[in-house]
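Report on one structure; see the data block that follows.
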Amino acid sequence: MPHPSFIAPWPLLRALHAAAAALCLCACALPLQAQPFETLELSVTGTVNVNRNLLHEFWRAEPGGGLNVTTPFYLGFAEAGGLLHRYGVQTGAVPRFDALLVYAGWGLRLRLAPRLTWQNGFRVGNYRMMFDDDTFAGVRNESELALSLHSSLSLRLSGRMAVRVSGSYTKVFTFLRLKLFHVSAGVTYRMRTPEWLREFLR
Amino acid sequence: MKHRCAFFIAALVFAATPARAQTDAFVIHAAEIEASGATRLSDLFSMIDTWSAVSVEGYATAASAFGLAPYAAPAWTLFVDGLPVDLSSFGAKNLNTLPLHLLQIDSVTVISRPVEIAGVFAPSGALVLHTRTPGRGWSARGHVSAGNEVGDPGPFRYTAFASPNIDRIGPTYLAEVSYADTGWFVRAGLKADEHHATDAALDERVRAVYVGVKKARLFVFAPSIMLGLNGRRGRHRLFAGTTRFQDLRFFDPLGIEVPTDEHFRFAGLSGDFAPGQASGLRYRLRFSSTDHDPRPNQRGFVLDWRQDRLRGNVEMRFAPGRARLALGASLDARRVLTTDRLSRRSITLPGVFVRLAVRPAPAWTHRMALHLTRAPRDAFASGRLGFEGLATSVLHPAPAHTFTFTLAYAVRTPNEEDTPWLWTLRGFRFFERSGADLGLPPFLLPSRTLTGELSWRWRRSPALTVDLTAAYRRFRGLTLATTAFHLDPDGPGFAPRTVVHIGVAGQVLGAAARVRWQPTPSLDQRFSYAFLRPVSGANVAFRQAWAGIPGHRASYTVRFEPVARLSLYARVRFESETLWPGFRPADFESGGRFPSERPAYLMIDLSVQKRLWRDHLRVALSFHNLTNGAYRPHPAGAVTNLTVYVHLEARFGGR
């Protein structure tokens, strides 16, 4: 490892180097909740879309459901999951459709109290829309990039079980952006990750 | 004795791995390619700051290496494991038609100046691909990636707010299987790729040409095989592959896409009977064929063109005293097959070359190469003798400093440059049959190019490297085409007027800077800047040819691996505005729909990659054009917005 003075001979580079080192120190100072991939948290939630915009002039979002898997990452947590919603027709000129958001995400977790944790993070996913349309599959289905910010509170009921309430803001990058606020509530079951799966994920 | 040993090692490096040994080369490694989320070979161009590239439909790319040639005359040279591959296809060079997948590459050496590699003079820069050598035993790899550009209509397509649909990008597939044992390996690969050009302007033009209701879809299917032998009898490589490329290509003189069914076939054999030794015999032999089958279309375009090319060279190298000398002979034979009546169908270009490396002082290495090519002269191509001379001096005044000075002078005959205009003069009637308004000179002249580069590399520490380069190019006698694009009153394409100019002259100045800073093994950063400008006094055709190349390009690239098997990659790049004078009429007539002035762009690419299952699996998510700016590199071309790619790779075996 070369000495820093060899690495950063100029003030600007030295400052950048110092900033990078400070960032690394901050990252190391964060309390790690667990080893990476040590546990899996499986969540089942019910979800409702609570905002109204141009989309809702044509369609009515019906309550949906979601599945989520969360695991400790090297920093914070990583998650993957899906949310399914059905959109009923508000006016007669458009077809109904199902929307499935499949995502992966990352976030940070803060313990507010011994049994209460607050999670914040972002998700990147694919928003797949399946229309009730009598045409071929390439036209009947459509996919688009979706980005979400989410925040949730988890109250641990026992060593394995918890209840979760969360809110998320999702932006779907269609030509006219779909902007959706969802409120979800559900239960979470925590388990130790099987050794073969930990090996796989590492 | 010490100096003699040092010279011997330097000479071996020069002889054995000439591309990697270029002191001012820029190298992109597989780790960076994978981390960047690059999918196609043409994605490499966006990672090279001294090169610029444009594409009409976003797939077939025209590239220019640091001002050595304009987009319209793609003269850069491609090498695969030291074997030159002639990708030229009737005036275009589409890197994606190479029967190799980007992920089969171990590293890419980019040389942005004239260079001589493997007995081949590359006057306009070189892209040298080094493929991965398979591990011992059986190994297999599979990769798939697909992209989605944002901006689909979504559910609003059923409403009054409907917008055009934007199709996916890809999928791109790679399947590869290999076996390696002591002294030999064999590798077979298959690349398949799709590209949907659903941009509105393109879609309109393509629908006006295609038969039936069909969207613009480009498709590549390319199997390949490589066989390698390393042993007492030398190092030998056989590389063969074929590519089928469908389905369209934009021709400037026609102002519209032409449906094509292109077959590229390549087989090459190269070897060295005494690798790593001062004396020995080296050979390269390659055959390539580019065939354009007709595709039914509304306009009756039939390219009817096939060109076969057989090229080879053999060289003997010696070590007379303290010098290293190589003497060689080359042959370039071409044949054109078309139903048109040509005044000449085949061309044979024999040549000789000599290369000399000397070390006048312990810290000074001097290399020279001279190539002479004899060309047939006829009524349409003057000049009998092609001449290419290259001198490179490498100075190490101190261990951390390396200066490289290169001077090259080339006189290239029209037969060596092999433009479509030469074959049109000889009777190839594609443009005439297609109704192109094309003004040709009565004959073509040889071009004379003088280039000089001075580069300085300062390796402050293993963590910090600085490269500075200044470049000068002087062109005389160039053959360049200018096209004035008007809107076609009878359809969605253009009504162009193309004039081919001979004797075009001009000069280009360039400068480049690159700083690589790796403060920790897990953090790799690179800052780059490149400047390019045709100097005043150049004539109109010359200025037009270079106006589409950005004058300023800058980038910042960072690769961060916080833990093993996880990497984050980001690249921010800036390109200054460019001018496309040929599109001024269409710009005016269309009310700015086809702008002749392209704005400056700031592009951000971001990629996250995770390896799983002890490196057997790799998943990556990458975002291109994160700022979601409407990126349009070519006035007649597609607009690209934020695009997200997903990659999945599996690999097994190989020790």
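Taking the options B:381, B:375, name whichever one is at pLDDT below 95 and in contact with a Gly (Cβ under 8 Å, 6 or more places away or on another chain).
Result of the check over B:381, B:375: B:375.
Could you check, for the range B:420-441, whether at least one of its residues is within 26 Å of the chain's Cα centre (by Cα), assigned to a strand (DSSP E or B) and either at pLDDT below 95 or buried (at least 21 other Cβ atoms within 10 Å of the Cβ) (or both)?
No: the range B:420-441 contains no residue that is within 26 Å of the chain's Cα centre (by Cα), assigned to a strand (DSSP E or B) and either at pLDDT below 95 or buried (at least 21 other Cβ atoms within 10 Å of the Cβ) (or both).
Among the residues of the range B:146-177, what is the count of those that are more than 14 Å from chain A (Cβ to nearest Cβ) and either touching a Leu at 6+ places or on another chain (Cβ under 8 Å) or surrounded by fewer than 20 Cβ atoms within 10 Å (Cβ to Cβ) (or both)?
Number of matching residues: 5.
Name the single residue, out of those in the range A:62-76 being touching a Gly at 6+ places or on another chain (Cβ under 8 Å) and crowded, with 21+ Cβ neighbours inside 10 Å, that is nearest to residue B:568 (Cα to Cα).
Selected residue: A:68.
Residues that are buried (at least 20 other Cβ atoms within 10 Å of the Cβ), within 30 Å of residue B:148 (Cβ to Cβ) and more than 14 Å from chain B (Cβ to nearest Cβ): does the range A:170-183 have at least one?
Yes, the conditions are met somewhere in the range A:170-183.
Filtering the range B:521-539 down to residues that are assigned to a loop (DSSP other than H, G, I, E, B) and within 14 Å of chain A (Cβ to nearest Cβ), which residue is modelled with the highest pLDDT?
Among residues in the range B:521-539 that are assigned to a loop (DSSP other than H, G, I, E, B) and within 14 Å of chain A (Cβ to nearest Cβ), the one modelled with the highest pLDDT is B:522.
Return the only residue of A:109, A:86, A:128 being among the basic types (Lys, Arg), more than 14 Å from chain B (Cβ to nearest Cβ) and surrounded by 14 or more Cβ atoms within 10 Å (Cβ to Cβ).
Every option except A:109 fails the conditions.
Which one is farthest from residue A:183 (Cα to Cα), of the residues in the range A:46-62 that are out of contact with any Leu (no Cβ under 8 Å at 6 or more places or on another chain), more than 14 Å from every other protein chain (Cβ to nearest Cβ) and assigned to a strand (DSSP E or B)?
Among those that are out of contact with any Leu (no Cβ under 8 Å at 6 or more places or on another chain), more than 14 Å from every other protein chain (Cβ to nearest Cβ) and assigned to a strand (DSSP E or B), it is A:46.
Output the number of the condition that residue B:650 fails; it satisfies all remaining conditions of (1) within 14 Å of chain A (Cβ to nearest Cβ); (2) surrounded by 16 or more Cβ atoms within 10 Å (Cβ to Cβ).
(2)
Could you go through the range A:105-122 and let me know if any residue there is assigned to a strand (DSSP E or B) and out of contact with any strand residue (DSSP E or B) (no Cβ under 7 Å at 6 or more places or on another chain).
yes
Go through the residues of the range B:333-344 one by one and say whether even a single one is closer than 27 Å to residue B:280 by Cβ and either in contact with a Ser or Thr (Cβ under 7 Å, 6 or more places away or on another chain) or polar (S, T, N, Q) (or both).
Checked the range B:333-344: at least one residue is closer than 27 Å to residue B:280 by Cβ and either in contact with a Ser or Thr (Cβ under 7 Å, 6 or more places away or on another chain) or polar (S, T, N, Q) (or both).
Could you list, ordered by first residue, the pairs with Cβ atoms under 7 Å in which the first is in the range B:325-353 and touching a residue at least 12 places away in the same chain (Cβ under 8 Å) and the second is outside any strand (DSSP E or B) and of a type in the set (S, T, N, Q), at least 6 apart or interchain?
B:347/B:415; B:349/B:415
Among the residues of the range B:631-646, write down those that are among the aliphatic types (A, V, I, L, M), within 10 Å of residue B:201 (Cβ to Cβ) and crowded, with 22+ Cβ neighbours inside 10 Å.
Passing the criteria: B:636, B:638.
Looking at residue A:142, is it within 14 Å of chain B (Cβ to nearest Cβ), in a strand (DSSP E or B) and at pLDDT below 95?
yes
The values are calculated or read from the model by the stated rules, or taken from the named source; none is laboratory data. Note that this is a predicted model, so its numbers are computed, not measured. Heads up, the Cβs are rebuilt from the backbone with ideal geometry, glycines too, and the neighbour counts pull from every protein chain shown.
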